[in-house]
1. Using the structure shown, decide if S76 is under 28 Å from K168 (Cβ atoms), out of contact with any helix residue (DSSP H, G or I) (no Cβ under 6 Å at 6 or more places or on another chain) and modelled with pLDDT under 85.
2. Of all residues in the range 144-156, which are touching a helix residue (DSSP H, G or I) at 6+ places or on another chain (Cβ under 9 Å) and modelled with pLDDT under 70?
3. Looking at the range 491-519 only, could you name the residues that are closer than 15 Å to T537 by Cα and either crowded, with 22+ Cβ neighbours inside 10 Å or aliphatic (A, V, I, L, M) (or both)?
4. Check F115 against each of (1) part of a loop (DSSP other than H, G, I, E, B); (2) aromatic (F, W, Y); (3) at pLDDT 80 or above and name the one condition it does not meet.
5. Check the range 36-48 and report whether any residue there is of a type in the set (D, E) and closer than 30 Å to D140 by Cβ.
6. Based on this model, can you work out whether D366 counts as over 15 Å from S320 (Cα atoms) and either without any contact (Cβ under 8 Å) to a residue 60 or more places away in the chain or in contact with a Ser or Thr (Cβ under 7 Å, 6 or more places away or on another chain) (or both)?
7. Would you check if E570 is among the acidic types (D, E) and either crowded, with 21+ Cβ neighbours inside 10 Å or closer than 24 Å to L330 by Cα (or both)?
Amino acid sequence: MITILSFIPQDYIKSDKNNDHLKTISLFSSIKTSILSQTFTNWELFLITNVQNVSFESSMKENIDPRIKIIYTPDSYFNLNSLYEIDDKLYNSKCKYISIFDLEHDVWNINKLQFQYEIMDVHNYDIVGCECSPSNECIDFNNARVIKTPQLSLFHSCPFLLSTILIKKELFQHFYLDAGRERQAPPYDPLCERRGCGGTTFPQVQFERDVCNDKNFTIRNTSFNTIMAQFHSLLLFMTLRECEIFYIGYSKSNNNQQQSNNGRNNSRIINYSLVETSNQQKLSNLHDNKTCDHIFFVNSEKYLREMYMRIKIYSDFCNSETCKQKYETLCSVHKMNNYGPHKYLNITMGNTYTHTILLNCPIVPDISVPPECVLGLAFEPIPYLRLSYDFIDFADKHIGTYYIGYKHPKLTSPLFKEHHGFMWHTDHPPEPAQETMIKKNSNNVISLIVSKKLQAPGHTYRHKLATFILTNNLPVDIWGNGTAQLSAKFPNKTNIKGPFKDKEPYEAYSLSICIENHRHPHYFSEKISNCFVCNTTPIYLGCTQIETYFPNQVAHLSGNLQEDCALLTEISKNPRNYIREIKPKENDNVLNLMKNLPWK
């Protein structure tokens with residue numbers, strides 16, 4: 001069953017000639033051409049009005065299709081959740097989908113509902129929109145394109161025609177968007193608010209960030225406030241909750257789409273962010289003239305930005321999907337009460353987002369959030385970060401805060417702040433290790449990883465220590481793709497292990513020698529984080545402020561080769577004296593990006 005909603009324009013309501021208390025309407029011609037002709041017949045049409053005692057003209061009553069009903073609702077509110085609680089006999093509880101029809105302006109293809117219904121039923125989509133049409137002719141959908149939407153941010157762009165959309169009824173039960181009643185100054189202040197949060201002007205919206213308790217979505221239609229902004233808000237709300245929103249395109253060519261984006265006022269607008277309108281100028285006027293629709297949407301937008309934090313991550317070394325997967329895994333979001341598509345916090349793949357995180361130095365030309373909602377994270381020390389002049393200029397305009405391990409004197413902008421960059425590390429084990437004594441599943445208790453690279457100071461220093469270890473037969477296992485060079489010099493050493501997989505250099509060892517490529521005040525990498533994840537004490541050289549992040553969990557190297565070789569000799573003789581208590585909970589508070597977002 002599809003329920004079609006239509007608001008009756010007050011100009012079309014007339015007084016009954018025989019009874020002043022009764023109001024009458026005639027059957028709209030648009031209903032005859034667009035709805036009664038539909039090939040899909042399992043529908044009901046609710047004609048909604050805030051005028052009491054409205055009925056069809058007496059001459060028509062016998063011929064009115066029984067699927068058409070006139071519904072009175074006070075104050076022009078239309079609340080689906082309330083509607084279905086009023087009278088199950090009158091309002092069909094079997095309704096599965098909702099559509100909205102503009103009695104004055106809309107034209108539907110006669111097989112529109114049939115095609116949308118079939119697509120939604122088969123694929124279980126939440127919302128399906130389609131192109132608008134100048135006639136009710138039957139459309140050939142054999143070559144229709146079903147496109148995932150939206151591609152644009154619904155915070156900024158929503159040219160639409162409501163009647164293009166078929167939507168699941170159940171989605172209306174999640175969001176309460178109420179304009180409020182008889183507000184004082186400022187006039188026409190329809191603010192999006194939760195039920196029961198007060199009636200003051202611009203009330204403070206109260207909500208629980210951990211769990212979304214929204215009940216329903218209220219559509220409001222009055223002489224000063226149409227349903228355009230409310231439906232825009234509804235689409236925005238559903239996009240933030242990652243509903244399955246699709247668009248059906250069936251034009252024979254792409255000419256219409258190309259013409260639609262050239263700014264012509266009267267051209268049919270078709271964009272693949274689902275929503276479209278027959279007159280682009282209408283939305284421009286809403287914004288420029290600060291109409292009530294615009295005020296309504298601005299306030300509902302503020303509410304939704306407070307209600308939901310949707311983070312889009314960009315990187316200059318991988319795609320957004322990889323970033324999302326990595327952080328969701330490392331931050332154990334499955335344990336968070338407030339994370340998920342229907343919760344307060346979520347990392348999104350869509351283009352409708354409230355906040356952005358940039359890894360390293362990606363320049364995102366179409367970034368759609370203000371600078372205070374953008375965080376940059378340096379995943380490399382400055383020599384490898386590729387801080388170009390173009391990126392610094394971009395950062396000055398679009399980034400509020402950028403965490404970097406070392407603020408070079410030439411980085412004069414206050415947006416650059418010395419802080420670790422929440423770099424990725426190896427995955428957490430299913431259950432964190434608890435033991436702090438010598439691990440028994442390895443002959444040696446100490447490990448070292450060496451790279452085949454020799455460009456950075458840390459690269460060469462690791463090789464110097466490895467050479468000392470092999471020359472002096474210290475019980476240290478050496479891993480990494482740089483071991484081939486060592487095997488050539490020391491061909492018979494059994495503690496040269498070679499390349500490794502995942503946690504091999506950490507899990508079996510009580511201590512691991514960790515040396516960063518560069519030493520900076522606040523830069524540390526997965527080299528030390530991997531140790532903590534695997535309950536392995538790092539013998540460390542790198543971040544000079546490491547104790548501020550992980551106090552009393554590190555054995556320190558000095559960077560002086562003679563001193564460090566002497567220390568490694570001592571550690572290899574008495575490893576128990578250097579094993580530290582690793583603190584998983586405290587470390588997660590440092591490494592977990594979701595626990596350290598600057599916007600909470």
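The values are calculated or read from the model by the stated rules, or taken from the named source; none is laboratory data. Given the structure is predicted, the values throughout are model-derived calculations rather than measurements. A quick note on method: Cβ atoms are made from the backbone with ideal geometry, for glycine too, and the neighbour counts reach across all protein chains shown.
1. Spelling it out, S76 is indeed under 28 Å from K168 (Cβ atoms), out of contact with any helix residue (DSSP H, G or I) (no Cβ under 6 Å at 6 or more places or on another chain) and modelled with pLDDT under 85.
2. T149, P150
3. Residues satisfying the conditions are P505, Y506, A508, Y509, S510, L511, S512, I513, C514, I515.
4. (1)
5. Within the range 36-48 (the criterion being of a type in the set (D, E) and closer than 30 Å to D140 by Cβ), the answer is yes, since at least one residue qualifies.
6. Values: over 15 Å from S320 (Cα atoms): no; either without any contact (Cβ under 8 Å) to a residue 60 or more places away in the chain or in contact with a Ser or Thr (Cβ under 7 Å, 6 or more places away or on another chain) (or both): yes.
Here the answer is no, as D366 does not meet what is asked.
7. no
For (1) crowded, with 20+ Cβ neighbours inside 10 Å; (2) closer than 17 Å to L591 by Cβ, each residue gets a yes or a no:
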{"position": "V333", "(1), (2)": "no, yes"}
{"position": "T352", "(1), (2)": "yes, no"}
{"position": "L359", "(1), (2)": "yes, yes"}
{"position": "S388", "(1), (2)": "no, no"}
{"position": "I392", "(1), (2)": "no, no"}
{"position": "K410", "(1), (2)": "no, no"}
{"position": "S413", "(1), (2)": "no, no"}
{"position": "M423", "(1), (2)": "yes, yes"}
